[in-house]
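Please treat every number below as a calculation from the coordinates, not as lab data. All values derive from a computational prediction rather than experimental measurement. Reconstructed Cβ throughout: ideal geometry from the backbone, glycine too, with neighbour counts over all protein chains shown.
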């Protein structure tokens, strides 16, 4: 019997304690094998490295960087990963149970798709300690809701590590420019945690990061790397973000039946 395809889970982190514990447990609960777990510590000073080293061999590799940013951290892990597929999870977010199996099933059912993308739901932790989900499930450009064939990073290139914000938008835009199909998974894959740290980061830098991403696209047009007038199979807005179900504009897969 052929072995299942291997997945490398890449987690960039900087001062991830204590939230990283819950994120790692959500990876363990995937019960997926073979799994390669690569943590890239980007200059933590809060005991994150010690926690990762004490994971009893669950962490395959611990790479150390010093404040290079999340895109550079992810790229470092992509370069050393040996698995057939690549997944990303931030150290404060959570995967739902069975997320990796659902994403892998979508790619197996849609061999022309370069990646699978599921739904996201935002949550916060109340003072009581209970999780409060305050959005409906939605589809948006978050790398943690996706599973990627590793050859995509040869076709599209690595993440733009000059971008401290917006690197996910930039990468998805380049996938769309290359006309790479995606498989849409119609279930929640990622629980996105809202807390003061990432809310401040989002509000202060989102607009500036988006401007830089579109400047990168203009540069690609000027260099002849992207023709904005060329016909494409997929609607860009549907490809990058939320769309009605009939407009997923990609390869529909794993839609609940009934």
So for region 51-161, using the alpha carbon gyration tensor with a ≥ b ≥ c as root eigenvalues (a/c under 1.5 gives rounded; past that, a/b versus b/c decides prolate or oblate), I'd call it oblate
Sort 175, 146, 59 so the one with the fewest other Cβ atoms within 10 Å of its own Cβ comes first. 59, 175, 146
Can you sort 177, 82, 130 so the residue with the fewest Cβ neighbours within 10 Å comes first? 130, 82, 177
With 10 angstrom as the radius, rank 38, 221, 120 by how many other C-beta atoms surround their C-beta, starting from the fewest. 221, 120, 38
Only helical DSSP H runs with n ≥ 4 go in: add -39500 (n - 2.57) per run for the chain, normalise by residue count and round the 222 nm mean residue ellipticity to 500 deg cm²/dmol. -10000 deg cm²/dmol
